[in-house]
Structures are given as structure tokens and as C-alpha cells.
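> My questions all concern the structure below.
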Amino acid sequence: MAAGLLESGLLEVVMLLCFAAAWPVSIVKALRCRTAEGKSVVFTLVVLAGYLFGIANKSFIGHVDYVILFYLLNVVLIAVDVAIWLRNRGLDRAQWGNPQDR
């Protein structure tokens, strides 16, 4: 039974869905607060790199299956989150100026 779960990729999908559940919360919060303050874009990009390495691993070992769609879902959610961070950073700069100029 356990070997079947591992071979089917089901556990990997559950892991990716758990991570994917957090991104909409982050996206909604960023849209509502309209500031980049307190958001670590470096952390977000490190997580993005992890997903991209997961996709690369599946490609390199020749095991591209339906699980890759869940990696791509997470990549899209992170891309939206980063885009909102960029917008919010622009809003912050418009309101407060460049932090390096203070």
C-alpha cells in the first residue's frame, strides 16, 4: 500500500497542495494591505527556486507526470504574489519615497 502511494505521487501532491493553500492567503493579504512592508520577497524567491528544482528533477529523471501540474500551480501562485509585492513596493515608493533616500 505505502509503495503504491509513493509511486503514484499522491503524497507529493498532498504536500504541494498544502503549500498551495498558503499562497492565496498571502495574495489576499498583500492586496488588502497595499504595502510591501513586512514581506520577504527573498524568502518567496527561495521557495520559488525550490519548486523549479522540483520540476527540473522530475524532468531530468524522466518522471514527468501529473504531479508537475501541482508544481506549476504553486509557481503561478508565487508569480502572482511577487507581482503584487512589486506593485505594493511601487505604492510604498510613491507614498514614502525610496527608502534608500531617507
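The values are calculated or read from the model by the stated rules, or taken from the named source; none is laboratory data. Only a predicted model underlies this, so the values are computations on that prediction, with no experimental measurement involved. Cβ coordinates were reconstructed from backbone atoms using ideal geometry, including for glycine residues, and neighbour counts include every protein chain displayed.
> What's the number of the only condition in (1) among the β-branched types (Val, Ile, Thr); (2) at pLDDT below 95; (3) in contact with a helix residue (DSSP H, G or I) (Cβ under 6 Å, 6 or more places away or on another chain) that residue 61 fails to meet?
(3)
> Do we find a residue being at pLDDT below 95 and surrounded by 12 or more Cβ atoms within 10 Å (Cβ to Cβ) anywhere in the range 94-102?
Yes.
> OK, next. Cβ-Cβ distance below 9 Å, separation of 6 or more or different chains: which pairs start in the range 1-16 with a residue that is closer than 18 Å to residue 68 by Cβ and in a loop (DSSP other than H, G, I, E, B) and end on one that is hydroxyl-bearing (Ser, Thr, Tyr) and at pLDDT 60 or above?
Sorted first by the residue in the range 1-16, then by its partner, the pairs are 9/66.
> Something else: Tally the residues that are outside any helix (DSSP H, G or I) and surrounded by 14 or more Cβ atoms within 10 Å (Cβ to Cβ), restricting the search to the range 17-73.
3
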